[in-house]
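As structure tokens, the structure follows; a few thoughts come after it.
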Amino acid sequence: MKGPPRSFLSSSLRRFVADRLSLAALILFVLILVITITAPLLARFVLSTSPDEFLRTPQGRIATLQAPGPGYLLGTDELGRDNLTRLLYAGQVSLTIGFLVAFVALAIGAPLGLVAGFYGGRTDDVVNALVQVVINIPTLFILIILSVMFSPSVIGLALIFGLFYWPSTTRQVRGLVLSLRNRDYVDAARVLGASDARILVRHILPNVISIVTVVAGFDVAAAILGESALSFLGFGVPVPLSSWGNMLSGSQDTFRSAPWLVYPPGLMILLTVLSVFLIADGLRDAFDPRVRA
Amino acid sequence: MGRFIVRRLVQSVVLIFAVMTLSFFLIRLTPGGPETALLSNPRVSAETLQRMRQRFGLDDPLPIQYLKWLRNAAEFDFGRSYAYSLPVVDVIGSRVWPTFQLGLLSYGVGLLGVPLGVIAASARGRMSDTVIRVLTVVGTSVPSWWLGLSIIVLMSGTIGWFPNGQGNGSPWDWARHIILPAVLLGLGGLITFTRFVRSEVLEVISQDYVRTARAKGLAERVVQRAHILRNALIPVVTLLGSLLPALLGGAVITESIFNWPGMGRLFLEAASARDYPLLLGMLLLGTVLTIIGTFLADIGYGLVDPRVRYA
């Protein structure tokens, strides 16, 4: 190899970018992110609509259930709102929930996994019991019940999701820490008089970050899918706020005669989740020191 | 093995108890619980409310309510549904059969993943492998409710092939109604099985005993059947149990989309009506089924693979 030796992070990133599929997924995801974040600008200056505005036909009536055409590129819904505008705004809600859930799942799951793996014994047993309780409750059932009880806002919804999405992080982190805690460099640090906290933060945490990033990616994808299902069933994001899931939670008869309403939200979820999956998968390979191309 | 089963059984019982306790207090202690469900009905007068509270046992102090509820639950009595005014067990029982049909068929759909996985593994890196792998990745990323809707719009809306609901009772009509929801519900299992079998077969192929079998001149057919397939497919048994929980969540979505009168739709109806006894009963049933599924998967693993030793 020519040049100075590269750090773990920069060589991982190099490997990630060298994989064409991962790179394509990353570009797609950034694209989705950009059009979602700039939704208010796009709606106002390009489409000249707003998500709550009822469009009118040239005859002056409210344009309900119009097929795609000039003025409304993806058609209008049963209340006469522009489908494309709502789709852009809905992305903000769906993506926010996806990232928030992953964040909450990490905030709960990673510390528990670190502590369980590092201390073992009783601590490990308690964490394991918690994990067992959470993974044996049917997630969709409990999410629906909690949503009925609390009628949560978007943030509340993400918190509730996070309460049931952390066990995968805990399991992965715990397994890794279990194999790290007896390494020579950890023993060396201990002999030098380092405290548990210092060993955890300085010597173990850096090794765990790559796996945590990958799990977080899968969490984002799973959360976007989960939120869409819950919202579609009518127990997720409260109307009139739109998410990709609840854009279709209205009556089933409307979109049977208006198929243009059915396809766009699902396609957006598919593309988003697919790109996040592929990015997470690519990162996993890139971080794995055994797969050196 | 015997000791392992006993230990797992005890663990499962403790787990069920923990979840029961948790869900009881969750529902009784938080705002929006059963009290609100009764209060929110404007037609309920103060007297009726008092009568209802007595009837549903909401007047007792909380610890007493809890103990009563536990004792009744031990006898499979989960109280009366608010909406149906019938015992929860009876309401659920009347909806089990349609979901059972759906679940059984979707297991069948899921098992189609076994041949798919074998095909993908034996064609590793070639066209059919790539196609199957791309389909499994896309399949995991597709929201199932959207796939269901799109199929309905395409098939029953445009072409009129597969109608909604349960049909008029003749076998042909039944088949026409159940096929789409069963395929949709089985899709997750199909993907899981395909991936699992593919990686199992690939792992077995590289084992020493397969090389030995080839080296000693056994016919390729024999090597594939007796050495590769048999060893690769054994762990599939364990997947059957762990698929159960995913099926429960899937049933809620599928039955709602296809208007299938099973437990999944009952759950949504109960949620809309804030029928807490019914919701709690179904949550517990779902949890118990999940625990049984995991339990069977663990036991099955030990039974089919003698290399597994339990501490």
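Being modelled with pLDDT of 85 or more, closer than 26 Å to A:Ser275 by Cα, in a helix (DSSP H, G or I) and within 14 Å of another protein chain (Cβ to nearest Cβ): is that true of B:Leu116 here?
It is false that B:Leu116 is modelled with pLDDT of 85 or more, closer than 26 Å to A:Ser275 by Cα, in a helix (DSSP H, G or I) and within 14 Å of another protein chain (Cβ to nearest Cβ).
Hey, among the residues in the range B:239-280 that are within 9 Å of another protein chain (Cβ to nearest Cβ) and outside any helix (DSSP H, G or I), which one's nearest to B:Phe196 (Cα to Cα)?
That would be B:Asn259.
Would you check if there is a residue in the range B:208-222 being touching a Ser or Thr at 6+ places or on another chain (Cβ under 9 Å), of a type outside the set (Asp, Glu) and either assigned to a helix (DSSP H, G or I) or surrounded by 17 or more Cβ atoms within 10 Å (Cβ to Cβ) (or both)?
No: the range B:208-222 contains no residue that is touching a Ser or Thr at 6+ places or on another chain (Cβ under 9 Å), of a type outside the set (Asp, Glu) and either assigned to a helix (DSSP H, G or I) or surrounded by 17 or more Cβ atoms within 10 Å (Cβ to Cβ) (or both).
Would you be able to say whether some residue in the range A:205-220 is closer than 30 Å to A:Met247 by Cβ and outside any helix (DSSP H, G or I)?
No, the range A:205-220 contains no residue that is closer than 30 Å to A:Met247 by Cβ and outside any helix (DSSP H, G or I).
So which residues in the range B:120-140 are part of a helix (DSSP H, G or I), of a type in the set (A, V, I, L, M, F, W, C) and more than 10 Å from B:Thr194 (Cα to Cα)?
B:Met127, B:Val131, B:Val134, B:Leu135, B:Val137, B:Val138
Part of a helix (DSSP H, G or I) and in contact with a Gly (Cβ under 8 Å, 6 or more places away or on another chain): is that true of A:Val104 in this structure?
When the stated conditions are applied, A:Val104 passes them.
Rundown of residues vs (1) outside any helix (DSSP H, G or I); (2) surrounded by 21 or more Cβ atoms within 10 Å (Cβ to Cβ), yes/no style:
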{"site": "A:Pro111", "(1), (2)": "no, no"}
{"site": "A:Leu114", "(1), (2)": "no, yes"}
{"site": "A:Arg122", "(1), (2)": "no, no"}
{"site": "A:Val126", "(1), (2)": "no, no"}
{"site": "A:Ala129", "(1), (2)": "no, no"}
{"site": "A:Gln132", "(1), (2)": "no, no"}
{"site": "A:Leu140", "(1), (2)": "no, yes"}
{"site": "A:Val148", "(1), (2)": "no, no"}
{"site": "A:Pro152", "(1), (2)": "yes, no"}
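For B:Gly286, indicate whether it is within 11 Å of chain A (Cβ to nearest Cβ), buried (at least 23 other Cβ atoms within 10 Å of the Cβ) and touching a Pro at 6+ places or on another chain (Cβ under 8 Å).
It is true that B:Gly286 is within 11 Å of chain A (Cβ to nearest Cβ), buried (at least 23 other Cβ atoms within 10 Å of the Cβ) and touching a Pro at 6+ places or on another chain (Cβ under 8 Å).
Being of a type in the set (A, V, I, L, M) and either more than 9 Å from the chain's Cα centre (by Cα) or over 15 Å from A:Val220 (Cα atoms) (or both) is the filter here; which residues of the range A:80-113 pass it?
Hits for the range A:80-113 are A:Leu84, A:Leu87, A:Leu88, A:Ala90, A:Val93, A:Val104, A:Ala105, A:Leu106, A:Ala107, A:Ile108, A:Ala110, A:Leu112.
Checking A:Arg190 against (1) touching a Phe, Trp or Tyr at 6+ places or on another chain (Cβ under 6 Å); (2) more than 26 Å from B:Leu279 (Cβ to Cβ): exactly one of these is not met. Which one?
(1)
Could you list, in sequence order, all residues of the range B:250-270 that are surrounded by 23 or more Cβ atoms within 10 Å (Cβ to Cβ) and more than 18 Å from B:Gln101 (Cβ to Cβ)?
Passing the criteria: only B:Ala270.
Hey, any hits in the range A:229-236 for a residue that's part of a loop (DSSP other than H, G, I, E, B), without any contact (Cβ under 8 Å) to a residue 12 or more places away in the chain and at positive phi?
Looking through the range A:229-236, none of the residues is part of a loop (DSSP other than H, G, I, E, B), without any contact (Cβ under 8 Å) to a residue 12 or more places away in the chain and at positive phi.
From the list B:Ala175, B:Ala232, pick out the single residue that is loosely packed, with under 15 Cβ neighbours inside 10 Å, modelled with pLDDT under 85 and assigned to a helix (DSSP H, G or I).
B:Ala175
Determine if the range A:224-238 includes at least one residue that is modelled with pLDDT of 90 or more, polar (S, T, N, Q) and surrounded by 20 or more Cβ atoms within 10 Å (Cβ to Cβ).
Checked against the condition, which is being modelled with pLDDT of 90 or more, polar (S, T, N, Q) and surrounded by 20 or more Cβ atoms within 10 Å (Cβ to Cβ), the range A:224-238 yields at least one hit.
Does at least one position in the range B:268-275 carry a residue that is touching a helix residue (DSSP H, G or I) at 6+ places or on another chain (Cβ under 7 Å), within 26 Å of B:Val96 (Cα to Cα) and at pLDDT below 85?
Yes.
Can you tell me which residue among A:Leu271, A:Leu225, A:Leu241 is assigned to a helix (DSSP H, G or I) and either more than 12 Å from chain B (Cβ to nearest Cβ) or touching a Pro at 6+ places or on another chain (Cβ under 8 Å) (or both)?
Criteria check complete, one pass: A:Leu225.
Within the range A:132-151, take every residue that is in contact (Cβ under 8 Å) with a residue 60 or more places away in the chain and not small (Gly, Ala, Ser) and give me the one that is farthest from the other protein chains (Cβ to nearest Cβ).
Here the residue is A:Leu143.
From the list B:Ser199, B:Ser170, pick out the single residue that is among the hydroxyl-bearing types (Ser, Thr, Tyr) and modelled with pLDDT of 85 or more.
Selected residue: B:Ser199, the only one of B:Ser199, B:Ser170 that is among the hydroxyl-bearing types (Ser, Thr, Tyr) and modelled with pLDDT of 85 or more.
Find the residue count for the range A:114-131, including only residues that are within 14 Å of another protein chain (Cβ to nearest Cβ) and over 22 Å from the mean Cα position of the chain (by Cα).
5
If only one of B:Val183, B:Val134 is modelled with pLDDT of 85 or more, within 30 Å of B:Asn231 (Cα to Cα) and loosely packed, with under 14 Cβ neighbours inside 10 Å, which one is it?
Going through B:Val183, B:Val134 in turn, the sole match is B:Val134.
With more than 24 Å from A:Val148 (Cα to Cα), loosely packed, with under 12 Cβ neighbours inside 10 Å and either within 14 Å of chain A (Cβ to nearest Cβ) or modelled with pLDDT of 80 or more (or both) as the only criterion, which of B:Arg71, B:Arg8 stands out?
Result: B:Arg71 is the single residue among B:Arg71, B:Arg8 that is more than 24 Å from A:Val148 (Cα to Cα), loosely packed, with under 12 Cβ neighbours inside 10 Å and either within 14 Å of chain A (Cβ to nearest Cβ) or modelled with pLDDT of 80 or more (or both).
The values are calculated or read from the model by the stated rules, or taken from the named source; none is laboratory data. Values in this document were obtained by computation on a predicted structure and should not be read as measured data. Ideal geometry is used to build each Cβ from the backbone, glycine not excepted, and the neighbour counts take in all protein chains shown.
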